[in-house]
1. Assuming 0.36 nm per residue, please report the length gained on full extension of the stretch E303 to K80 beyond their Cα-Cα distance.
2. On the accessible surface of the chain, probed at 1.4 Å, how many percent belong to carbon and sulfur atoms?
3. Can you give the relative contact order of the chain as a percent, counting alpha carbon pairs under 8 Å and 6+ residues apart?
4. Please give the net charge around E257, taking every other residue with its beta carbon less than 15 angstrom from that of E257, where Lys and Arg add +1 and Asp and Glu add -1.
5. What relative contact order, as a whole-number percentage, does the stretch 148-286 give when Cα pairs under 8 Å and 6 or more residues apart are counted?
6. Report the net charge of residues surrounding G590, where surrounding means a beta-carbon distance below 14 angstrom and charges are Lys +1, Arg +1, Asp -1, Glu -1.
7. Along the charge dipole of the stretch 501-540, Cβ charges K/R +1 and D/E -1, which of N521, L508, N539 sits furthest on the positive end?
8. Which aspartates and glutamates, on any chain, are close to K343 with Cα under 19 Å apart, when same-chain ones fewer than 8 places away are left out?
Amino acid sequence: MIPIIHGKSVNRNYLISFRMRTGFSFSLWILILTLLASCSATKYVPEGAYLLEEVKIQTDRKEIKPSELALYLRQNPNSKWFSLFKTQLYTYNASGRDSTRWVNRTLRRMGDAPVIYLEEEALKTQEELTKAVHNMGYMSATVDRSIRTKRKKLKLLYQVHSGEPYIVHSIRYDVPDEKIAHYLRNDSADTRLREGMLFDVNVLDAERQRITSVLQNQGYYRFHKDYITYTADTVQNTCQVALTLHLHLYRAHATDEPREHDQYHIGKIRFITDYEALQVSSPQLARTYDSIRYKGYPIYFREKMYLRPRILTNNLMFSPGDLYSEQNIQRTYSNFGRLSALKSTHMRFEERRQGDSLTLDSYILLTRNKPQSVSFEIEGTNTSGDPGVAAAVSYQNRNLFHGSETFLLKFRGAFEAISQIGTNSTDNNYTEFGVESSINFPNFLFPFLSSAYKRKIRATTEFGLQYNYQIRPEFSRTVANGSWSYRWSERQRVQHRIDMLDISFVYLPWKSDDFTNDYLNGDNPILEYNYKNRLIVRNGYTYHYHSSGTSTLNRTATANSFAIRAGIESAGNLLYAISKATNRSKNSDGEYQLLNIPYAQYLKGDLDFAQNIIIDERNSLAFHAAFGIAVPYGNANAIPFEKRYFSGGANSVRGWSVRGLGPGSFPGDGNFLNQSGDLKLDASAEYRTRLFWKFNGAAFIDAGNIWTLRKDEVNQPGGFFRFKEFYKQIAVAYGLGLRLDMDFLILRFDGGMKALNPVYKTGKDRYPVIHPRFSRDFTFHFAVGYPF
């Protein structure tokens, strides 16, 4: 059959020829663009010089990782966007040679100058790589360097030949200080030195630092790691090493006679509560202050004491007579750093000899923080396309009861012009008024606990009250909340939170007749449950671990790291047990009540994992996976709205709008409550790259969905979780993002495209990645901070 184009027959051979010519033209254009880019890359490379195009390190042992040796490179090629495009270099080369023109100056500031290969830098790199491999225990290792040039570009290769590794055959300790030798014998289980280990200089240095930390925690205030050295003797004609650790005696000066190291105890401790950084030495400083004595501790102040003395002594982690411990000093710094009433903390130690013993008199120097502050905030809002404005004014007192308690009082108001939702109301405005207050105590407030245990935990206690009043065209709602929680940290990497008690009361004083008839008198249990008066009495626990010790929520990761967050909460269990035990009667909906208010009962668990992998100084990979499940039972047949899961949006599957995905294959019906679920899966992979100035870019792939645990084919058809089918309902999206890093916050702009749409079981609509339609599949997101 001959194909027809515009009513005319066309020979098939012509079509084949046409396609071949089209393909050839396309390939030709690609070749031309590639050549232009190549020429552009070397535009500012001088004659006789070479652009450093590529640097590689190859090793002959998997234990020697090129990524670790890359730290010693003295020259690196021009950076690439997404590890593919040298956009910065091309931007620089797009500038003209006339540097007086502002366009050329701007392009050069935005771009990167070409990296010109320097022979002397390559030689230094070769030497440093050789030293680095030697330090790893490969003492006979050599590093070869080879180059390949083409036109004005150069590729550089370093090849590491490791040779035989040197192994520690025996270990001996030379410690003439008997007391220190005793400490090291008791601590031998934690040593990093083992017979049979590689003769790794880095491990040897780490052991020096470990021993130093041990001794500094045993009173050796003046000890430092330079007092520890090694000698290494090799067995003749072998790679076996006899290692000796030497701990040298103390010398104040090179000409002094060596003697055993001094061990210090803590002497007198003094608090100076109004310290200023430019003030002079501590003894003269103390004489200019008024003072009181509390439990034997002198406390110096000006005018009046702004902190209760007990707060000072409770946060002190050492006492007179204790051996000096660097660990306890740092714990004390940490404790005082938690006090909002203080701006900064410093410590000074002065030596004092009493007979044969040495003591350290301590001065705790505290700088007072501003006690009160008032702030005002205004923001624009956009909820599902409805514009609005919100404003808030806050008052904060950082020392309410003179115990560094932080009191916050905040008033908030919001206005939003919302879209018509089907009611006959002529007022389509949303108005919200709210007030919230909280007080944070910097200690663990709980009865029957000993002071020693409270000092060990170092938890903060927070009580909060909130009241919120919302007026909408279809209803008005009041939400009142009271909370009691604890927070504390461990080793700067682990954070705990216990919600001891959280009580919320949702009260709807008015609902329009149209809203009631259209939405609440049907067969939708989710709507009915969430638009009735409800009491939620819950408690929970949250665990958060970050491997680097700091959160990267709004910062670009600077090292490989991962974070785990897990939480569990329950509501209504105690109330349900009391109701059953006392044979309380149920209401007409079959629910137990407290003060004539039905209460929620559910169990909810969440698990979240995020990881950052650094590729180079400009590029990184970020991965995220999350799982959550909420199960109503007992006194409830649905999860409260605030605890339900939603999918889609800037922090979820970005090919869908906020709350626009799921549950399951449900396409949505315009009611956002129906697009909620009891179970959620989320996964994301994001390639991040630094572009120029304060701009960063990202390419991402997202996947996930939500499901219900109770079947409702009337209101949420296709939303029920089935183990044999759920994987077919996982939505997939891809896209690009732009981030503006303003140091104190990150503005994020993401454009997501649908790739796999679970609404459709088969056909081209299920795979928009193959059949994309921009108007249907694209979603733009604006957000603050990284998505994970």
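The values are calculated or read from the model by the stated rules, or taken from the named source; none is laboratory data. Predicted model, so just to flag it, every value in this text is computed and none were measured. Cβ coordinates were reconstructed from backbone atoms using ideal geometry, including for glycine residues, and neighbour counts include every protein chain displayed. Note: areas computed on protein heavy atoms with side chains; ligands, DNA, RNA excluded. Shrake-Rupley method; radii C 1.70, N 1.55, O 1.52, S 1.80 Å.
1. Details: separation 223, 0.36 × 223 = 80.28 nm, distance 6.07 nm.
Extending this stretch completely gives an extra 74.2 nm.
2. On the way: 23990 of 43090 Å².
Within the chain, the accessible surface is 56 percent carbon and sulfur.
3. Once normalised by length, the contact order is 6 percent.
4. Numbers: positive: R251, R259; negative: D177, D256, E260, D262.
Around E257, the charge tally is -2.
5. Values: 150 pairs, mean separation 35.8, N = 139.
Relative CO of the stretch 148-286 lands at 26 percent.
6. Working: positive: K532, K580, R584, K586; negative: E528, D589, E591.
With Lys, Arg at +1 and Asp, Glu at -1, the net is +1.
7. N539
8. D274, E276, E303, E405
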